[in-house]
Amino acid sequence: MDGSGIYRALESSEFFRGLAEKDIRKIASLCREETFEPGQAIFRQGETGDCIYIIAEGQVALERTVDLGTRKGNVLIGIIGRGRAFGCWSTLLGISHSFLSSASCQKPTKAICFNGTEIRALMLSNPVLGVCILERLCFFLRDRIQSVYGAMERI
């Protein structure tokens, strides 16, 4: 996928949709494409990471391993597809953190990947863009937390 493909994937993503073209182009310049096969883990719960992903093509399952004493197992948080985002969001705050879930591909998947610390530097250099991204992050995390609560209710 070339630069214009990365731009189009970001432009249509849940996280960056509606941002100014110049801002999406800046973000796109910090991104790379990664390709994954069905069954391949993108990351595992507990690993440390610094990347955030946008799905350009394919499907990814987000799962969390839980231990509730007598009940142990994996809980499916959700299966996400084109335009959806996932990864290590704390890197936008300049903090390395462990993944709280695992992500594995359900279909052949192309994802746009960017390093959170590089986006953080862009946010700090452009406070208006930074506030916009943080607002989107708040809504995004609210929705993801609701998905986790729904998954926990099925335990």
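The values are calculated or read from the model by the stated rules, or taken from the named source; none is laboratory data. A quick note: this is a predicted structure, and the numbers were derived from the prediction, not measured. Glycine also receives a Cβ, built like all others from the backbone with ideal geometry; neighbour counts cover every protein chain displayed. Just the protein is used for accessible areas: all its heavy atoms, side chains included, with ligands, DNA and RNA removed. Shrake-Rupley method; radii C 1.70, N 1.55, O 1.52, S 1.80 Å.
Just a few scattered comments:
- Carbon plus sulfur fraction of accessible area for the chain, probe 1.4 Å, in percent: 53
- When only alpha carbons of the range 103-148 are considered, Rg and Dmax amount to 13.8, 38 Å.
- Each of 66, 134, 20 was scored by the projection of its Cα onto the charge dipole of the range 5-155, and the greatest displacement toward the positive side belongs to 66; charges sit on the C-beta of Lys, Arg, Asp and Glu.
- Summary of packing: across the peptides 100-110, 28-38, the per-residue average of other C-beta atoms within 10 Å ranks them, highest first, as 100-110, 28-38.
- Computed label-point distance, nm, for sites residue 21 and residue 8 using a 7 Å Cα→Cβ extension: 1.6
- Span-like helix ranges in the chain, DSSP H, alpha carbon extent 30 angstrom or more, Kyte mean at least 0.0: 127-153
- For the chain, calculated [θ]222 nm from helices alone, where every DSSP H run of n ≥ 4 adds -39500 (n - 2.57): -11000 deg cm²/dmol
- When Rg and the Kirkwood radius Rh are both evaluated on Cα atoms of the range 1-115, their ratio Rg/Rh stands at 1.01.
- Taking only the C-alpha atoms of the range 74-155, the Rg (one decimal) and the largest Cα-Cα distance, Dmax (whole number), read 14.3, 44 Å.
- Label point distance in nm, residue 79-residue 145, each placed 7 Å from Cα along Cα→Cβ: 2.8
- Projecting label points 7 angstrom from Cα along Cα→Cβ for residue 96 and residue 34 puts them 1.6 nm apart.
- This model, with +1 at the C-beta of Lys and Arg and -1 at the C-beta of Asp and Glu, gives the chain a dipole about its Cα centre of some 240 debye.
- Residues of type aspartates and glutamates that residue 26 reaches as a straight line, Cα spacing below 16 Å, ignoring anything fewer than 8 places off in the same chain: 2, 11, 118
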